[in-house]
Structures are given as C-alpha cells and as structure tokens.
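In what follows, a single structure is set out as structure tokens and then discussed.
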Amino acid sequence: MNHPILLNGSILSQQKNEELKKILSNYPTLSLATILVGDDKASHIYVQAKIKACQSVGINPVPIFLSKDTTEQELLEQIELLNNDPAIDGILVQLPLPKHLDSYKVLESINPKKDVDCFHPFNMGNLSTGISNFAPATSTGIMMLLDSIKDQWSLESKNVVVVGASNIVGKPTAMLLLQKEATITIAHKKTKNLKELCLTADLIIVAVGKANLITKDMVKKGAVVIDVGMNRIQTEQGTKLVGDVDFENVKDLTFAITPVPKGVGPMTISALLHNLYFLYQHYHTKNNNDLR
Ligand code: GUN
C-alpha cells in the first residue's frame with residue numbers, strides 16, 4: 001500500500017500565516033486581547049504561542065494576565081472594558097477557567113462581534129443553523145487540513161465518526177462537516193461498540209484526551225484520521241506528547257493522518273488568527289451586522 005499522507009500542520013499553518021500576513025498588510029493593524037486567569041502551566045504555554053503567532057502575522061497582541069483569585073465580577077468588568085474599546089478587534093478568554101468562575105457566563109459576556117474563539121452562543125447558533133461557517137479555531141483548523149487534500153479526497157457523502165462531543169471541538173466540527181454534506185455520528189469515549197462504529201468511518205476525528213484510545217483494529221483501511229488529542233505520557237526516556245490515536249500502529253492503514261505534535265495543534269493557532277480577520281471583514285469592511 002502507498003504511504004499515508006502525513007497531514008503536517010506545522011507546514012500548512014506557516015503557509016496559511018504567510019497568506020494572512022499579506023492580506024493583513026492592506027488593513028489597519030488588528031488587536032487581539034488574550035485573557036488568562038490563574039497560573040495553569042499548559043494555558044500559559046498556549047497563550048504565549050498565540051501571542052507569538054499574532055506578532056508573526058502583524059496582529060497586535062494585548063495580553064492580560066489576571067490572578068487566580070480574580071472574582072467573576074472583576075473578570076466581567078475587564079471583558080466589558082474590552083467590549084467597549086474600539087482599539088480591540090478580538091477577545092479571547094483562555095479555558096479552562098478556575099473552578100469558581102462560571103465559564104458559560106463569562107463567554108456569553110464577550111461581544112459576539114469580538115468573539116474570536118466563536119464560543120458565544122450567538123456564533124455557535126449561527127454555525128448550527130448553517131448561516132455561517134465561522135467556527136471555533138480547532139474546527140476551522142481541521143477543515144483547513146482536510147481542504148489541503150481535497151484533490152484526492154472529498155468529504156461529500158462520506159461517513160464520519162467524531163469521538164468527543166465537547167463545545168470547543170467535537171460539536172462545532174460536526175456542524176462544519178454537516179455543512180459539507182458528510183454524514184456524522186458523534187460518539188463519546190465510553191460509547192458502546194466504539195470499535196464497530198469507528199470501523200464504519202471514512203473519517204475519524206478524535207478529541208477526548210485519552211492516549212491510545214483509537215487502535216489499529218478500530219480503523220478501516222484507507223480511512224482519514226484526525227487526532228486532536230494532546231496527552232503527556234511518561235516513557236523510559238521522559239515525558240512525551242501523544243494524541244488519542246496509536247499513531248505508529250494506525251498510520252499505515254490510513255489514507256491520511258495527522259501526527260501529534262505538528263498536526264492539528266499549529267492549525268488551531270493559525271485558524272484563530274484567520275478568525276480575527278473574518279470578524280474584521282464581516283463587521284467592518286463589509287459593514288454587515290451578521291455573518292452571512
Ligand atoms: N483551551 C483549550 N483550547 C482552547 C481554545 O481554542 N480557546 C480558548 N480560549 N481556550 C482553550
């Protein structure tokens with residue numbers, strides 16, 4: 001069998017970022033506010049990566065770091081300041097928030113026109129009705145990866161199994177795939193007969209955070225596999241970052257597969273930057289009041 005196509009998110013995201021940088025050079029500098037509450041180590045790494053990516057394409061990052069003891073009222077007031085600041089084009093609140101803060105309430109307080117993550121119910125609703133394909137960054141990044149092989153592999157009429165039903169990845173990705181007329185099953189890591197279900201899939205997208213959940217006996221020959229998982233595991237050589245797929249044993253079965261790292265991860269950041277441009281285009285240059 002031919003070698004699988006390796007869906008390299010590091011290379012594709014660089015291409016996408018260069019394209020965006022060129023486009024953005026025609027506009028006033030856009031500003032993205034990133035709010036991080038607390039000292040979660042992984043969140044700090046993600047936010048730093050987003051700030052660096054902004055700088056690489058000419059977006060002005062406005063990082064805001066708040067202590068882990070920030071009250072909900074204080075956080076909501078900070079968001080309101082940014083909502084009303086004409087110099088701010090996008091607002092991102094890094095998740096997860098400390099437990100004493102109500103994420104739903106916080107995300108709902110962001111002006112939907114500045115909701116670069118597309119986590120606000122207004123934007124998620126538009127995605128669900130199909131009025132808009134503006135979507136959370138990981139979902140958009142996945143679509144960019146699939147689009148990169150569109151000459152060899154098309155989504156239309158395909159059976160897709162999405163494992164993981166989160167609001168950040170599983171649900172919005174399913175909504176974008178529905179817009180492409182794919183047939184979607186959304187499963188959970190504990191779904192009965194997960195193996196049999198996955199074996200019916202032309203495309204498996206997995207985002208649950210469990211190393212080696214998807215093994216080679218669960219993957220149909222010639223399937224496409226997208227691995228959103230990011231798990232740190234202990235090996236004899238130290239800690240290692242792996243996805244939710246047993247990559248080494250699954251890869252040769254597939255038509256195309258994402259590695260971890262350097263697969264979906266870098267695409268998420270690139271798609272976030274594209275989301276900021278999307279909001280600017282729709283709410284400023286097109287003077288639209290909706291996302292059509
Ligand atoms: N936490 C994990 N993924 C994300 C994301 O895409 N956006 C935000 N804001 N927080 C996250």
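If neighbour count is taken as other Cβ atoms inside 10 Å, put H188, H120 in order from fewest to most. List each step's numbers first, then the result.
Numbers: H188 12, H120 18.
Starting with the residue having the fewest Cβ neighbours, the order is H188, H120.
Say each of K189 and K21 gets a label point 7 Å from the Cα, pointing the same way as Cα to Cβ; how far apart are those two points in nm?
Each label point is offset 7 Å from its Cα along the Cβ direction, giving 3.8 nm.
Where is the GNM fluctuation largest for the chain (alpha-carbon springs, 10 angstrom cutoff): P96, P136, P61?
Taking springs between Cα atoms under 10 Å, the residue moving most is P96.
Sort L127, L253 by Cβ crowding within 10 Å, fewest neighbours at the top. Could you put the intermediate results ahead of the total?
Working: L127 23, L253 18.
The fewest-first ordering by Cβ neighbours comes to L253, L127.
Which value does Rg/Rh take for the chain over its C-alpha atoms, Rh per Kirkwood?
Working: Rg = 19.1 Å, Rh = 19.8 Å.
My calculation of the ratio gives 0.97.
Helix check for the chain. Which DSSP H runs span at least 20 Å along their own axis by Cα, with a mean Kyte-Doolittle hydropathy no less than -1.0? Write down the numbers at each step before the final one.
Numbers: long enough: 9-24 (21 Å, -0.68); 41-57 (25 Å, 0.03); 264-280 (24 Å, 1.04).
Span-like helices in the chain: 9-24, 41-57, 264-280.
Quick one: of the DSSP bridges fully inside the chain, what percent are antiparallel, nearest 5? All intermediate terms of the calculation are to be shown ahead of the outcome.
Values: 5 of 35 bridges.
Bridges in the chain that DSSP calls antiparallel: roughly 15 percent.
Take the eigenvalues of the Cα gyration tensor for the stretch 27-144, scale each by 5, and report the square roots as semi-axes in whole Å, largest first. Let's see the in-between values first.
Working: eigenvalues 89, 65, 46 Å².
Semi-axis lengths for the stretch 27-144 are 21, 18, 15 Å.
Excluding A211 itself, what net charge comes from residues whose Cβ is under 14 Å from its Cβ, given Lys and Arg +1 and Asp and Glu -1?
Surrounding charge for A211 is 0.
Which whole-number percent of Cα pairs in the stretch 155-225 have a distance greater than 17 Å? Could you put the intermediate results ahead of the total?
On the way: 880 of 2485 pairs.
Of all Cα-Cα pairs in the stretch 155-225, 35 percent lie more than 17 Å apart.
Count the net charge of all other residues whose Cβ sits under 10 Å from the Cβ of D244, scoring Lys and Arg as +1 and Asp and Glu as -1.
On the way: positive: K189, K210; negative: D227, D246.
Once all neighbours under 10 Å are counted, the net charge is 0.
Report the Rg/Rh value for the stretch 110-253, based on alpha-carbon coordinates and the Kirkwood definition of Rh. List each step's numbers first, then the result.
Details: Rg = 15.7 Å, Rh = 15.9 Å.
My calculation of the ratio gives 0.99.
What are the radius of gyration and Dmax of the stretch 28-86, computed over its Cα atoms and given in Å?
For the stretch 28-86, the Cα-based Rg and Dmax read 12.4, 36 Å.
Taken together, the values in this text are just the output of simple stated rules run on the coordinates, not laboratory data. Everything quoted here is computed from the prediction, not taken from an experiment. Because the Cβ atoms are built from the backbone with ideal geometry, glycine has one as well, and the counts that use them run over all protein chains shown.
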